[in-house]
Amino acid sequence: MTRCTALVILFIMSSLPLAAAELPGRFVLEKVDGGFLRLDRDSGTISHCTAQSGQWECKPVKDETMALAAENARLRQENEELKAQLARTYAIGLPSDRDIARFKAILGNIADRFADFVEGIAG
């Protein structure tokens with residue numbers, strides 16, 4: 001039993017450094033011209049870090065995501081308003097049953113008059 005426990009403890013101890021190495025840090029650095037880009041995994045902000053007079057200084061990179069999202073929302077709203085305006089301007093409603101009956105009566109009258117005209121010519 002003691003050998004089995006010792007093997008389990010040995011296995012756990014040998015896997016600890018591997019597990020610790022796989023844990024991600026808060027920041028990810030990427031080398032670029034003139035310094036590094038630093039991604040903050042917690043907040044999602046990106047900073048440009050440079051060494052100036054022996055000190056590292058990180059300045060936030062301008063993030064246009066919010067401005068682009070606001071512009072996208074504004075354009076979507078404008079698009080919906082224009083679609084609604086088009087629908088109001090060029091709205092074609094379906095005829096009612098009364099309109100269809102009236103149209104059929106008009107066509108019937110035209111057909112009767114045409115038949116009378118043809119009989120008058122032939123007769």
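Some observations on this one:
- Residue count, segment 68-97 (criterion: modelled with pLDDT of 95 or more and among the basic types (Lys, Arg)): 2
- Of everything listed in (1) farther than 22 Å from residue 25 by Cα; (2) touching a residue at least 24 places away in the same chain (Cβ under 8 Å), the single unmet condition for residue 53 is (2).
- Checked against (1) free of Cβ contacts under 8 Å to residues at least 12 places away in the same chain; (2) loosely packed, with under 10 Cβ neighbours inside 10 Å; (3) under 39 Å from the mean Cα position of the chain (by Cα), residue 74 passes all but condition (2).
The values are calculated or read from the model by the stated rules, or taken from the named source; none is laboratory data. Since the model is a prediction, treat every value here as computed from it, not as a measurement. Positions of Cβ are backbone-derived with ideal geometry, glycine not excepted, and every protein chain shown enters the neighbour counts.
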